[in-house]
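Here is the structure we will look at.
The values are calculated or read from the model by the stated rules, or taken from the named source; none is laboratory data. What you are looking at is a predicted structure, and each value in this text was computed from that prediction instead of being measured. Cβ sites come from the backbone with ideal geometry, for glycine too, and all protein chains shown count toward neighbours.
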Amino acid sequence: MEFADKTLTCRECSAEFTFTAGEQEFFQSRGLLNEPGRCPACRSARRRGSAPRAEREYYDIVCDSCGQEAKVPFQPRGDRPVYCNDCFAKMKDQR
């Protein structure tokens with residue numbers, strides 16, 4: 001099967017990059033079916049872990065054990081008790 005260079009668009013930065021015939025042959029030899037979605041620069045940044053991430057949202061709660069105010073990284077639903085870090089760690093150690 002003959003391969004020809006393809007121009008693809010990066011889904012991260014929207015830059016165009018070339019998916020060379022050699023890369024296509026490599027992908028096929030490894031059984032990879034999908035074309036790369038990111039340009040080489042965005043792929044290497046993602047591997048290094050320097051890709052921008054969304055800021056985590058925290059919610060204010062009152063601990064159901066000690067009554068102190070705390071912040072948690074999830075929105076409490078109200079059907080279960082919610083604990084501060086210290087009380088959660090104590091309960092985890094008791095198991």
- line: Being within 30 Å of residue 86 (Cβ to Cβ) and either modelled with pLDDT of 95 or more or not aromatic (Phe, Trp, Tyr) (or both) narrows 47, 11, 38, 53 down to just 53
message: Looking for something among the aromatic types (Phe, Trp, Tyr), over 30 Å from residue 91 (Cα atoms) and not in a helix (DSSP H, G or I) - is there at least one such residue anywhere in region 20-41?
response: no
query: Is it the case that region 49-72 has a residue that's part of a helix (DSSP H, G or I) and surrounded by 13 or more Cβ atoms within 10 Å (Cβ to Cβ)?
result: no
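Residues are listed down the side, and each one gets a yes or a no for (1) acidic (Asp, Glu); (2) under 30 Å from residue 78 (Cβ atoms); (3) free of Cβ contacts under 8 Å to residues at least 40 places away in the same chain:
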{"site": "8", "(1), (2), (3)": "no, no, yes"}
{"site": "12", "(1), (2), (3)": "yes, no, yes"}
{"site": "17", "(1), (2), (3)": "no, no, yes"}
{"site": "28", "(1), (2), (3)": "no, no, yes"}
{"site": "41", "(1), (2), (3)": "no, no, yes"}
{"site": "46", "(1), (2), (3)": "no, no, yes"}
{"site": "57", "(1), (2), (3)": "yes, yes, yes"}
